[in-house]
Protein chains: 2
Amino acid sequence: MDDRYEYYRAMVEYWLTGRFSAAHDGADGLREAMRYSLLAGGKRVRPVLCLEFARVCGLDPEDALPAACGIEMLHTYSLIHDDLPCMDDDDERRGRPASHKKFGETTAVLAGDCLQAEAFAAVCEAPVGEAERFRCCRILSYAAGAAGICGGQFLDLGEDPVTAERLTATDERKTAALMAAACAMGAACAGAEEKTVERAWGFGRALGMAFQCRDDLLDGDGFCALLGAEQCQALAETYTKRALTLLNGFHDTAFLRALTTELAGRSN
Amino acid sequence: MDDRYEYYRAMVEYWLTGRFSAAHDGADGLREAMRYSLLAGGKRVRPVLCLEFARVCGLDPEDALPAACGIEMLHTYSLIHDDLPCMDDDDERRGRPASHKKFGETTAVLAGDCLQAEAFAAVCEAPVGEAERFRCCRILSYAAGAAGICGGQFLDLGEDPVTAERLTATDERKTAALMAAACAMGAACAGAEEKTVERAWGFGRALGMAFQCRDDLLDGDGFCALLGAEQCQALAETYTKRALTLLNGFHDTAFLRALTTELAGRSN
């Protein structure tokens, strides 16, 4: 599994690096801030999922690369804004100063705003058909809006009492929706039929929930704080099993199965 | 002209009101903040331009309505973020408290973020072909990103000395790009060929620059402060003339000509 993961990851680093090099158009400071957060050594789980789903559905993964990188750009924007003083107020991200500490709040807000727009622009550049690119835009907009990361962040910051129901609604939007979108967009790029795209979405959502439960176990937050470590672990296993079952509808899934198991059991 | 303008405006109000009514999904507070800024009595110039270009290019304007409203949503997000304390720090917008004064900074940032995503989602819902919707997404992402409003806001807040060149670059991105996108998306919704879409873009850009020069004259800012009122007025007239000339490529343009003349000479 590792070889293919590193190959995909290298593709993503290469594309993003080229995309955000200097353009000397007066807005290089904005581009620098976007690049700083984008090229901070993330795991690139979402674009890897997108590229692999494109491959599994019969497309050369390279043709899904702009769409895969669009998802990573959207994810990075959400991290920049989550770190803002008016949000989670985090000074560090991946061992380096957060965007607003490095560039100031004004530039951090704008870098996030711009990354969201440029994420859609990237998706629009994938060398696949216009109908396929349209479907990717639709999926990404859904995962980015009220039913996705913005709604999830709003719920996360709200004052309502934390119940399992509310936590599930929050995690489904804040974490799982974008993982689901990554998988669905890979299938959509490949021109898969609607029910296949939906199954890819379902897999990504289940994987995202398992991923979040694992996060909670590692941090002692969320479901771990609410239900205790044992039940949180059981929940992670339920979601992992669901994800693996949904893969039965696809061929050549060894990589995705290994990745699912690894992410659900990871230690960082 | 007024009848048709009011008819278009009523369509926009109707669609936006329906779209942002309560959904009782836990994120109603977020939806309320989006609705507050969206339904604050804007002129709706951009969606009106989009609807009229759709009509001029042969489409029932109603089929372009979700795309037109998507542009207004994107415009509204940019106003919410522009008003933030770390940006222009404005406490009022259209005679009411700005979003961050009414709902707090956290919700204002999220409402803006969410409106950008939902703008793309709205465009994806227009009842036209997938290729047409794809083209609209591409146009909107361009106008929203580094070459559009985010790049323009970054330049506007920068510390470089104000020159005519820099002011032009700022206004082209911050103001003119979204007007251009509105016109181009109307044509794209109607399935117009690429050079027609580009001509619509050119018209919208020239109109946007004329609109901004008029703003500068009314406020004593920008080109008016740099060049004086007389030269600023001459610049507005140059852009207006350019816009009117670009309309020669279209049929049935009386409404667009009247609107251009009115916007370039408006007193508020």
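The values are calculated or read from the model by the stated rules, or taken from the named source; none is laboratory data. All of these numbers come straight from a predicted model, not from anything done at the bench. Please note: Cβ atoms are built from the backbone with ideal geometry, for glycine as well, and neighbour counts cover all protein chains shown. Ligands, DNA and RNA are stripped out before the accessible areas are found, and what is left, the full protein with its side chains, is counted by its heavy atoms. Shrake-Rupley method; radii C 1.70, N 1.55, O 1.52, S 1.80 Å.
Shown is the FRET efficiency for A:Glu159 and A:Ala225, computed with R0 = 22 Å from the Cβ-Cβ distance and rounded to the nearest 0.05: 0.85. The residue among A:Ala121, B:Leu49, B:Gly249 whose Cα reaches farthest toward the positive pole of the charge dipole of the protein assembly as shown, with charges on the beta-carbon of Lys, Arg, Asp and Glu, is B:Gly249. Distances between equivalent label points of A:Asp2 across the copies, with each point positioned 7 Å along Cα→Cβ, amount to 7.5 nm, shortest listed first. Per residue of A:29-41, other chain Cβ atoms within 10 Å of the residue Cβ number 1 on average. With its label point defined 7 Å out from Cα along the Cα-to-Cβ axis, A:Gly129 lies at 1.2 nm from the matching points of the other copies, in increasing order. With one equal scatterer per alpha carbon and no solvent term, the Debye-computed log10 I(q)/I(0) for chain A at 0.13, 0.14 1/Å reads -0.83, -0.97. Placing +1 on each Lys and Arg Cβ and -1 on each Asp and Glu Cβ, with no other charges, gives chain A a dipole about its Cα centre of roughly 520 debye. Comparing Cα centroids, the stretch B:5-27 and the stretch A:150-206 end up 26 angstrom apart.
In terms of its Cα atoms, the stretch A:124-211 spans 46, 21, 17 Å along the principal axes, sorted from long to short.
Computed from the C-beta positions of B:Asp60 and B:Glu194 and an R0 of 22 Å, the FRET efficiency is 0.50 to the nearest 0.05.
Here is the short version for chain B: B:Cys50, B:Cys57, B:Cys69, B:Cys86, B:Cys124, B:Cys136, B:Cys183, B:Cys189, B:Cys213 have no other Cys C-beta closer than 4.7 Å. In a solvent-free Debye calculation with one equal scatterer on each Cα, what is log10 I(q)/I(0) for the stretch A:1-160 at q = 0.12 Å⁻¹, listed in the order of the q values? These q points yield log10 I(q)/I(0) values of -0.54. Dipole of chain A (Lys/Arg Cβ +1, Asp/Glu Cβ -1, origin at the Cα centre): which of A:Ala229, A:Ser267, A:Ala200 lies farthest to the positive side? Among A:Ala229, A:Ser267, A:Ala200, the one farthest towards the positive end of the dipole of chain A is A:Ala200. Residue pairs exceeding 30 angstrom between C-alpha atoms, taken from A:Lys195/B:Lys195; A:Lys102/B:Lys174; A:Lys195/B:Lys174; B:Lys174/B:Lys241; A:Lys101/B:Lys43; A:Lys174/B:Lys43: A:Lys195/B:Lys195; A:Lys195/B:Lys174; A:Lys101/B:Lys43; A:Lys174/B:Lys43.
Once the partner protein chains are put back, the stretch A:122-156 shows a loss of at least 40 square angstrom of accessible area, versus the chain by itself, at A:Cys124, A:Glu130, A:Phe134, A:Ser141, A:Ala146, A:Cys150, A:Phe154 (probe 1.4 Å, ligands and nucleic acids excluded). Here the stretch A:65-155 exposes an accessible surface that is 43 percent carbon and sulfur, computed with a 1.4 Å probe and the other protein chains kept in place. When every alpha-carbon pair in the protein assembly as shown is counted, what percent end up more than 29 Å apart? In whole percent, the long-distance tail amounts to 51. Remark: spin-label model distance B:Ala22-B:Arg96 equals 1.7 nm, labels positioned 7 Å along the Cα→Cβ axis.
Considering only alpha-carbon pairs that sit under 8 angstrom and 6 or more positions apart, the relative contact order computed for chain A is 18 percent. If one takes the accessible area of chain A alone plus chain B alone and subtracts that of the pair, with a 1.4 Å probe, what total in Å², rounded to the nearest 100, results? In total, chains A and B hide about 3600 Å² from solvent. Add +1 for every Lys or Arg and -1 for every Asp or Glu among the other residues with Cβ under 14 Å from the Cβ of B:Glu193, and state the total. Net charge around B:Glu193: 0. With label points set 7 Å from Cα along Cα→Cβ, the inter-copy distances at B:Asp91 are 3.1 nm, sorted shortest first. Computed per residue of the protein assembly as shown from DSSP H runs no shorter than four, each worth -39500 (n - 2.57), the mean residue ellipticity at 222 nm is -22500 deg cm²/dmol.
State whether the stretch B:144-268 is rounded, prolate or oblate according to the following rule on the C-alpha gyration tensor (a ≥ b ≥ c being the square roots of its eigenvalues): a/c under 1.5 gives rounded; otherwise a/b larger than b/c gives prolate, and the remaining case gives oblate. Oblate, since a/c reaches 1.5 and b/c is not below a/b. Shape analysis of the stretch A:34-106 places it in the prolate category; the axes a ≥ b ≥ c from the Cα gyration tensor give an a/c of at least 1.5, with a/b above b/c.
For chain A, the solvent-accessible area with a 1.4 angstrom probe is 38 square angstrom per residue. Other protein chain C-beta atoms within 10 Å of residue C-beta, averaged over B:85-98: 1.
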